[in-house]
Amino acid sequence: MKKNTKILLGFSAIFIAIMILLLTATPGASSIELTLDQLKQNPLKYKDQYVMIQGDLIEDSIHWKPDNIELQFNISDSNGNELHVIHNGVKPDNFSEGVIVIVEGFVNEDGSFLAEKVQTKCPSKYESENTNHYDIEKHDVIDQ
């Protein structure tokens, strides 16, 4: 076998291996983003699909089992829809009332949600200050 043929076969094998790794390692990147309304209308429609949903955390619903590393909670939206979420993983640090929770995973046949990934975001932390008292001159000094 010629040297060029061996090199071509080697690069082809590496290319195929990289493609296989990319295809198997990124199923979460192809998630469908849904609202709780959409999910509640027909939950079994999304049963075998990786979906992402966000909602407000209902603090009274949190059940944390540290021995099993299992977290169960409910999220809701402004229309009163609720979703029961089960997550076999660590509880996020800022998991409390007033937090928006983003979950990614699969819908169970009973309508609950098995989350592979749980993220929180606190909207009050990122809101801007009152702009009525904004001092443009002070801002210009800081920028220099």
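Between HIS84 and ALA25, what is the FRET efficiency for a Förster distance of 25 Å, r being their Cβ-Cβ separation, to the nearest 0.05? Working shown, then result.
Numbers: r = 29 Å, r/R0 = 1.17.
Efficiency at R0 = 25 Å is approximately 0.30.
Out of the trypsin sites (Lys or Arg not before Pro) in region 1-102, which ones are loop residues according to DSSP with at most 13 other C-beta atoms within 10 Å?
Numbers: sites: LYS2, LYS3, LYS6, LYS40, LYS45, LYS47; in loops: LYS2, LYS47.
When the trypsin sites (Lys or Arg not before Pro) of region 1-102 are filtered for loop state and at most 13 Cβ neighbours within 10 Å, LYS2, LYS47 remain.
Show me 100-108, 55-63 ranked by packing, highest mean number of other Cβ atoms within 10 Å first. The partial results should precede the final answer.
Working: 100-108: 18.2, 55-63: 15.2.
Taking the mean over residues of other Cβ atoms within 10 Å, the ranking is 100-108, 55-63.
Distance between the C-alpha centers of region 29-61 and region 63-89? Whole Å please.
12 Å
Going by C-beta contacts inside 10 Å, put MET52, MET1, MET19 in order with the fewest on the left.
Details: MET52 16, MET1 6, MET19 10.
In order of increasing Cβ crowding within 10 Å: MET1, MET19, MET52.
For GLU116, what residues show an amide H to amide H distance below 5 Å, using hydrogens built from the backbone and excluding near sequence neighbours?
Under 5 Å from the amide H of GLU116 lie the amide H atoms of GLU104, GLY105, PHE106, each far enough along the sequence or on another chain.
What order do you get for 89-99, 70-80 when each peptide is scored by the mean count of other beta carbon atoms within 10 Å, highest first? Before the final figure, lay out the partial values.
Values: 89-99: 13.2, 70-80: 16.0.
So the order, starting with the most tightly packed, is 70-80, 89-99.
So what is the diffusion coefficient of region 31-126 in µm² per second by Stokes-Einstein at 4 °C and 1.567 mPa s, using a Kirkwood Rh over Cα pairs?
Working: Rh = 13.3 Å.
Approximately 97 µm²/s, per Stokes-Einstein.
All of the numbers you see were taken from the coordinates with simple rules; none came from a lab. Keep in mind the model is a prediction, meaning the values are calculated, not measured. Methodologically, a virtual Cβ is constructed for each residue, glycine included, from the backbone with ideal geometry; neighbour enumeration extends over all protein chains shown.
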